[in-house]
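The structure that follows is given in the form of structure tokens.
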Amino acid sequence: QVQLVESGGGLVQAGGSLRLSCAASRRTLGSDAMGWFRQAPGKEREFVASISWTGGRTYYSDSVKGRLTASRDNAKSTVYLQMNSLKPEDTAVYYCAAGKRSLTIVAEPSDVEIWGQGTLVTVSS
């Protein structure tokens, strides 16, 4: 089994930065992709970013491209989401996720095998 533990959320002013972390108890066998999603109150969970363990290939939502950057530390089985130039619209609970077997990109909820518990990011105006 895999357990994903998130941390790093908090309150930040617009234009500020924050880094989220997601530590996995173990790599998901047969899977090479992790993803980041977010969900604001009253809205559907939406894709933010994806990253592969092998090669660190990334894929981003157009809404965050250029501001949010995913990275990983394979030795620590941890993925990160560096968030810069934050906007109030970025306020949401952020979830990390492990992709299903055979996937190299996690870009929608149906791609997810395991979810993290979520961490709240609040961006004030």
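Kindly state, to the nearest 0.05, the FRET efficiency for Leu120 paired with Thr54, given R0 = 22 Å and r defined as their beta-carbon distance.
0.10
With every protein chain present, what is the per residue accessible area of the stretch 24-113 (1.4 Å probe, Å²)?
In whole numbers, the stretch 24-113 has 50 Å² accessible per residue.
Do any GluC sites (Glu not before Pro) in the stretch 1-85 lie in a DSSP loop with no more than 11 other beta carbon atoms within 10 Å, and if so, which?
Listed in order of number, the matching sites are Glu44.
Let me know the charge dipole size of the chain about its Cα centre in debye, to the nearest 20, where only the beta-carbon of Lys, Arg (+1) and Asp, Glu (-1) is charged.
Working: 14 positive and 11 negative charges, 58 e Å.
Rounded to the nearest 20 debye, it is 280 debye.
When the accessible area of the chain is split by element with a 1.4 Å probe, what percent falls to carbon and sulfur?
48
Mind listing the phi-derived Karplus ³J(HN,Hα) values for the stretch 46-56, rounded to whole Hz, using 6.51, -1.76 and 1.60 with θ = phi - 60°, and x for any glycine or proline?
For the stretch 46-56, the Karplus-derived couplings read 10, 6, 10, 7, 9, 8, 9, 5, 8, x, x Hz, x marking Gly and Pro.
Identify all aspartates and glutamates with a Cα-Cα distance to Lys100 below 14 Å; exclude those on the same chain that are fewer than 8 residues away in sequence.
The reachable aspartates and glutamates, counting only those whose Cα sits under 14 Å from Lys100, are Asp32, Glu108, Asp111, Glu113.
State, to one decimal in nm, how far the label point of Thr104 lies from the label point of Asp62, with both points 7 Å from Cα in the Cβ direction.
It is 2.4 nm.
Follow-up. For Ser71 and Gln13, FRET efficiency with R0 = 22 Å and r from the beta-carbon atoms, rounded to 0.05?
0.40
The values are calculated or read from the model by the stated rules, or taken from the named source; none is laboratory data. Treat the numbers as computed from the prediction; the structure is a model and nothing was measured. FYI the Cβ positions are ideal-geometry reconstructions off the backbone, even for glycines, and counts take in every protein chain you see. Only protein heavy atoms, including side chains, enter the accessible area calculation; ligands, DNA and RNA are left aside. Shrake-Rupley method; radii C 1.70, N 1.55, O 1.52, S 1.80 Å.
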